[in-house]
Amino acid sequence: EIILRALFVLILIHFGLVNGQIFDVLKYGAKGDGTTDDSKAFVDAWKAVCGNGGNNKTLLIPSDNTFLLQPIVFQGPCKSPSVQVQFNGNIVAPKSKAEWSDYKNLSWVGFKDIIGLTVTGSGTINGRGSSFWKQLHFRKCNNLHINGITSVNSPKNHISINQCKNVEISNIRLIAPDESPNTDGINLSISSDVNIFDTVIETGDDCVALNNGSVNINITRMTCGPGHGISVGSLGRDGEESMVENVQVTDCTFNRSDNGARIKTWPNGKGYARNIVFKGINLIETKNPIIIDQNYVDKGRLDVEESAVAISNITFADIHGTSKRDEIVKIDCSKVTYCKDIVLEQIDISTVDGNKPVVECINYSIFLNLVKMISRNTYTCSLTTTSTTQHTGSNNDSGGSRPKHIARSKNDFKNDKEISGLTLGEGSPEFHITLSDQ
């Protein structure tokens, strides 16, 4: 191990001498004893990195040291087109909120307006769970690479990505207690062309949260759990217009997470969530494997709904494993819009206790001819209906008024090719659908 570490240091030094410069925070006055405030040394070292032209400028946080930092922002733009932060050592936050120099700051370590930033290394970032700050916050950092780091005990989000383009996140570990509130692993907003792969996230909230403005997102080979799964949303809170599209989540494992694949939108929101795929998902005792919730309310309830975020072109495919609850699928759509083009195929989920799995479609206005489900097992979908009134077109409609597609008898669907292979059984007031092999 000592030989390997020495070899790594020699390679790093060679890289710095030949291709760029290394700026070691120890040379700018950092103590690295875990108790002395090293914030000023980091700021001074960063100014030297960012203020120098040429390629491959590296801020080195050396191994075998622990650095105490107050809230800090690494500000760009930088003169160099490629800047690297080499996290080999550890950084820690103050032990309590009373020790923070700026308790109004909502992020602990921030990077802003930096093009071509790489954050890499084997070091650990420890927020000590002491307050409500975002641990690592990246804003307007295009061509961003994050690799290898470990983040533990974040007070809030481990990593926040805001207004960034062309982002790659790989081989990282994000860890917080499963009971810790609001500790999202990766929180995305107003960002595009993001690739996340080969990551492990164990936290108290969403492993990944895709918020408004998340476009062209690819997540693959992630192990999530404990946590609240990979969530699109929540979207549309307080009437906000939200847009998420072109999302692929593939070859991921949910290990004892509270949720698996989830889309959640608030009543009275606007906008859309569309072109989203969850495929090749392995479930290990997941509580709520598949969820679309257009009636998401964090606290309390809303009695009047006038609009909703439109949800369309959603695929859940090749999802298999075990559920901790009997309800394996829940599709809860809005009264004023509907879930359109929802496909569930090759769903093979059994319950831990051996009970028959349940698929719940709380519909109001869900169009059955636009929902297909192909399963290796046979489940029953309980479709709750409330009225036969009409509703106006959603954001993706051509406009006008169209009738709700309410299931009243088998004859309503006997010529519908989209649901061929589904056995429809009558019930009152519920309509039961047996999802058969196809």
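The values are calculated or read from the model by the stated rules, or taken from the named source; none is laboratory data. Since this is a predicted model, take the numbers as computed values, not measurements. A quick note on method: Cβ atoms are made from the backbone with ideal geometry, for glycine too, and the neighbour counts reach across all protein chains shown. For the accessible areas, the whole protein counts, side chains as well, though only heavy atoms, and no ligand, DNA or RNA atoms are used. Shrake-Rupley method; radii C 1.70, N 1.55, O 1.52, S 1.80 Å.
Things worth noting here:
- Within segment 143-154, being crowded, with 22+ Cβ neighbours inside 10 Å and either in contact with a helix residue (DSSP H, G or I) (Cβ under 9 Å, 6 or more places away or on another chain) or part of a strand (DSSP E or B) (or both) holds for 144, 146, 151.
- One residue from 160, 122 being of a type in the set (S, T, N, Q), touching a residue at least 40 places away in the same chain (Cβ under 8 Å) and in a loop (DSSP other than H, G, I, E, B): 122
- Residues within segment 103-157 that are modelled with pLDDT under 95, among the charged types (D, E, K, R) and under 20 Å from the mean Cα position of the chain (by Cα), tallied: 2
Condition check ((1) of a type in the set (D, E, K, R); (2) closer than 26 Å to residue 177 by Cβ; (3) in contact with a helix residue (DSSP H, G or I) (Cβ under 6 Å, 6 or more places away or on another chain); (4) surrounded by fewer than 17 Cβ atoms within 10 Å (Cβ to Cβ)) across all residues:
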| residue | (1), (2), (3), (4) |
| --- | --- |
| 30 | no, no, yes, no |
| 37 | yes, no, no, yes |
| 41 | no, no, yes, no |
| 47 | yes, no, no, yes |
| 57 | yes, no, yes, no |
| 68 | no, yes, no, no |
| 127 | no, yes, no, no |
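- Count of segment 71-91 residues, restricted to those that are free of Cβ contacts under 8 Å to residues at least 60 places away in the same chain and out of contact with any Gly (no Cβ under 9 Å at 6 or more places or on another chain), is 1.
- Taking (1) in a loop (DSSP other than H, G, I, E, B); (2) buried (at least 24 other Cβ atoms within 10 Å of the Cβ) in turn, residue 78 satisfies each apart from (2).
- Of everything in segment 190-240 that is among the hydroxyl-bearing types (Ser, Thr, Tyr) and open to solvent by 20 Å² or more (accessible area, probe 1.4 Å), the residue that is nearest to residue 268 (Cα to Cα) is 234.
- Only a single criterion out of (1) buried (at least 19 other Cβ atoms within 10 Å of the Cβ); (2) part of a loop (DSSP other than H, G, I, E, B); (3) in contact with a Lys or Arg (Cβ under 9 Å, 6 or more places away or on another chain) is not satisfied by residue 178, namely (1).
- Whichever residue in segment 255-271 is under 16 Å from residue 305 (Cα atoms) and not small (Gly, Ala, Ser) and, among such residues, is most open to solvent (accessible area, probe 1.4 Å): 270
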